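The values are calculated or read from the model by the stated rules, or taken from the named source; none is laboratory data. In this text the structure is predicted, and so the values were computed from the model without any measurement. Don't worry about glycine lacking a Cβ; one is built from the backbone with ideal geometry, like all the others, and counts go over all protein chains shown.
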Amino acid sequence: MADGGFDSPHLHQFLSPPLKLSIITLMRVCEICNQEFDNFQQKANHVRWNHKEEKYSPEGLERMKESTRSSNLKRFGEKTIVTETRICKCGTSFNVSFSPERSYKGRSTCSPKCWKSREFTEESNAKRGETLKRSYKDNPELLKSVISRFTSGRRSSSKPERKLAESLRDLGFKRHHVVKTQDIIFDVDIVSHDKKVWIESDGIWHFEKVHEGHNFEATKLRDSIEEEEALKRNVLLIRVNNQNTTIEQQREFVLQSIKDWDGLTGAVKKLGFDV
């Protein structure tokens, strides 16, 4: 330590060995959690990163920023920032700031949604195709998983569906059951252990056209085919509207529907539907 600290020889001559050892040990113990360290620096770092809300003082943080700016200036020279107003393909105007010296000139769309909906050129599509071919050649299992995703009929699940499935887990229900018919393949949201009870947690997609790309007629047709298939297979199909009913109401309706069902003939029960 610096001259005048506890390790200073000027101070040591006035301290008895037991007292000296006690003070040094105290300096290496965290006052908050009582953890002991090999030296004072380890203890100081521990306190900074585990017990302090502000890791650096305002002065120390400013010194670090200035050091970084100085280092970047020596490495890259003076940095020029240009601000441009651009027009996204959706018609929205937005500002972008970037450095002309760097290859990246900032984003080209106003939002991640617009970026994901971008149109690829023939050249970029060809590059993507070649990349996928190499990936599939190096990893055949990846190709199998992609193909199965499109042929299995399985799809991602909604949060209300997962919550309902969780509330029915103690009764032996599980998520996802792929059903193949002559016309389509569909994935039932929740199914009983014997596959005799199907449960669908229907969101807004089943009741109205959500956006321009949503094929609402196809959704209604799929629901209709599923109901016909349930009757044909002597299955109890329970549909719940997760937009206007709670998980508790849905669980209670499921249990009551199963209780009322004869277990032999197909039936369709609905909760939260207008008709």
May I ask you to list pairs of residues, at least six apart or on different chains, whose Cβ atoms are under 8 Å apart, with the first in the stretch 215-228 being within 25 Å of Lys196 (Cβ to Cβ) and the second being surrounded by 11 or more Cβ atoms within 10 Å (Cβ to Cβ) and of a type in the set (Val, Ile, Thr)? Arg222/Ile184; Ile225/Thr181; Ile225/Ile184; Glu226/Val179; Glu226/Val188; Glu227/Val268
Among residues belonging to the stretch 44-81 that are modelled with pLDDT under 85 and β-branched (Val, Ile, Thr), point out the one that is farthest from Arg107 (Cα to Cα). Val47
Could you give me the residue pairs with C-beta distances under 9 Å whose first residue belongs to the stretch 181-206 and is without any contact (Cβ under 8 Å) to a residue 24 or more places away in the chain, whose second residue is among the aliphatic types (A, V, I, L, M) and assigned to a loop (DSSP other than H, G, I, E, B) wherever it lies, and which are 6+ apart or on separate chains? Ser192/Leu168
Identify, please: which residue in the stretch 180-197 is charged (D, E, K, R) and at pLDDT 90 or above and is, among those, nearest to Leu264 (Cα to Cα)? Lys196
